[in-house]
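The values are calculated or read from the model by the stated rules, or taken from the named source; none is laboratory data. What you are looking at is a predicted structure, and each value in this text was computed from that prediction instead of being measured. A quick note on method: Cβ atoms are made from the backbone with ideal geometry, for glycine too, and the neighbour counts reach across all protein chains shown.
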Amino acid sequence: MTRRDSDTGGAGVLKPDWMSRPVVVAVIDALGRDNIRFVGGAVRDSLIGRPVTDFDAATRLTPDLVVERLRAAGIGAVPTGIDHGTVTAVAHGGQIEITTLRHDVKTDGRHARVAFTRNWAEDAGRRDFTMNALYLSPDGTLHDPVGGLADIKTGRVRFIGDAGCRIDEDALRILRFFRFFATHGTPPMDEEALTACTVRAHQLATLSRERVRDETLKLLAAAKPDAAVAAMADAGLWPYVLPPGSGVVDIALFSRLLDCERIGQRPPDTLGRLMALAGGQDADPCALKASLRLSGADGKTLAAIQAAFKYLAAGENGLGESLYRSGPRATAEAVMILACDTKIPVREWLAQVDRWRPRSCPVRGRDVIAAGLAVPGPAVGDLVARAERAWISSGFKFSRDRLLALLKGID
């Protein structure tokens, strides 16, 4: 439960329950109540009433002094980004990222060289959006140096200061703007921000593909990303995110998939949404994996969705094979994407997906050999594959004996 006593007299008072968590109390005691303020997502989401899971704090203490005081208090201190002033405190099963107040000395659109400061306003000035620059003191005093509280109330995602300058400092802020609009924004988009993102779209090409991937997947995981995704298309951003060859960006198909999710009350699947955005059946899973530097597991999921399209082309007879070979997750996404453009019994098929339980073909290689159908070698695999196809066609009903009889040609 969060209590806000007032929005007047500065920014008011905010007393979220997480301030009493053991790790938070321990870190405050170690660094001193006047030396630390919580900032970013924990403060923003507490004001909105959303759950808080990650904690960031700012401090006037230098990184070496932060480490010294944490360790003296028996708190783990991990130098996770020491060159930029960040130390992670670990205690009581929780952790807090603590960063020394800083201002940028030099930026190149990807990396920044910083200098430490004791000025809270200077630190706020280097952050991205006003709603991310609210600071909370241990006594509950809320500090709002750039007008973030008003923007939170209206759902306005606004850059701090000059939007173009903020983007020039780090081009990833282009993608962050659209992601934050999807998760925290209310239409219409801030015009200055949108214009700055549009004219600087080419700067996305300077970013590492891993950073682009992380922001893109976070955007696609949002509850309602459709407006942001469409705005990115209007701004000409998607060619820099999904290069030609990955698929044809299909905003309409993406929007229809979201509608299908909502109507069917299906949980969002980031990779299914990515496939829809890249054109559904026209998407190239290998190109998507390569261009976004996806993990091997994610690449396999995309390939499974693509394979599911092929199995489902056979109609309900292919549904079982898709579930067996591609798995329920990939099959569900393929069913919903297909339902966007074709008439299929989507509710019935999704019900079958939900009822699916993993199973194994009852005929193995050793069964084929024991039945005298083949000697060890390639022929065994061929016969097992034939038995498996017959088993799938039977709706997974044929027994081992029935399948072996089929292989013998006596059924």
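Could you list, in sequence order, all residues of the range 206-245 that are in contact with a Leu (Cβ under 8 Å, 6 or more places away or on another chain), closer than 21 Å to Asp168 by Cα and surrounded by fewer than 17 Cβ atoms within 10 Å (Cβ to Cβ)? Arg209, Arg211, listed by residue number. Among residues of the range 255-275 that are under 12 Å from Ile337 (Cβ atoms), those with a beta-carbon under 7 Å from a residue that is hydroxyl-bearing (Ser, Thr, Tyr) at least six positions away or on a different chain give the pairs Leu271/Thr301.
Just a yes or no: is a residue in the range 117-140 out of contact with any Asp or Glu (no Cβ under 6 Å at 6 or more places or on another chain), more than 24 Å from Val157 (Cα to Cα), of a type in the set (Phe, Trp, Tyr) and at pLDDT 90 or above? No, the range 117-140 contains no residue that is out of contact with any Asp or Glu (no Cβ under 6 Å at 6 or more places or on another chain), more than 24 Å from Val157 (Cα to Cα), of a type in the set (Phe, Trp, Tyr) and at pLDDT 90 or above.
Inspection of the range 64-74 finds a residue satisfying the criterion of being exposed (fewer than 14 other Cβ atoms within 10 Å of the Cβ), in contact with a strand residue (DSSP E or B) (Cβ under 7 Å, 6 or more places away or on another chain) and not assigned by TED's automatic domain parsing to the domain that holds Ala223. Selection of first residues in the range 291-313 that are without any contact (Cβ under 8 Å) to a residue 40 or more places away in the chain and farther than 9 Å from Ala330 by Cα and of second residues that are among the β-branched types (Val, Ile, Thr) and buried (at least 22 other Cβ atoms within 10 Å of the Cβ), restricted to Cβ pairs under 9 Å at least 6 apart or on distinct chains, gives the following pairs, ordered by first then second residue: Phe309/Ile337; Tyr311/Thr331; Leu312/Thr331; Leu312/Val335.
Listed here are the residues, each with its yes/no results for (1) surrounded by fewer than 18 Cβ atoms within 10 Å (Cβ to Cβ); (2) assigned to a loop (DSSP other than H, G, I, E, B); (3) not assigned by TED's automatic domain parsing to the domain that holds Asp298.
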| site | (1), (2), (3) |
| --- | --- |
| Tyr324 | no, no, no |
| Arg329 | yes, no, no |
| Ala334 | no, no, no |
| Gly372 | yes, yes, yes |
| Pro376 | yes, yes, yes |
| Trp391 | no, no, yes |
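Residues of the range 7-39 that are over 20 Å from Ala77 (Cβ atoms), touching a strand residue (DSSP E or B) at 6+ places or on another chain (Cβ under 6 Å) and either assigned to a loop (DSSP other than H, G, I, E, B) or of a type in the set (Ser, Thr, Tyr) (or both): Ala11, Gly12.
Within the range 260-317, if we keep just the residues that are among the hydroxyl-bearing types (Ser, Thr, Tyr) and either more than 17 Å from the chain's Cα centre (by Cα) or in a helix (DSSP H, G or I) (or both), the residue that is farthest from Trp349 (Cα to Cα) turns out to be Ser291. Inspect the range 297-307 for any residue being over 20 Å from Leu253 (Cα atoms) and polar (S, T, N, Q) and give the result as yes or no. Checking the range 297-307: not a single residue is over 20 Å from Leu253 (Cα atoms) and polar (S, T, N, Q). Go through the range 54-171 and tell me which strands (runs of 3 or more DSSP E), entirely inside it, have 3 or more residues that are touching a residue at least 40 places away in the same chain (Cβ under 8 Å) and within 23 Å of Val13 (Cβ to Cβ). Where strands (runs of 3 or more DSSP E) fall fully within the range 54-171 and carry at least 3 residues being touching a residue at least 40 places away in the same chain (Cβ under 8 Å) and within 23 Å of Val13 (Cβ to Cβ), they are 56-59.
For the range 16-58, residues that are surrounded by fewer than 18 Cβ atoms within 10 Å (Cβ to Cβ), of a type in the set (Ser, Thr, Tyr) and either within 25 Å of the chain's Cα centre (by Cα) or closer than 19 Å to Ile82 by Cβ (or both) total 1.
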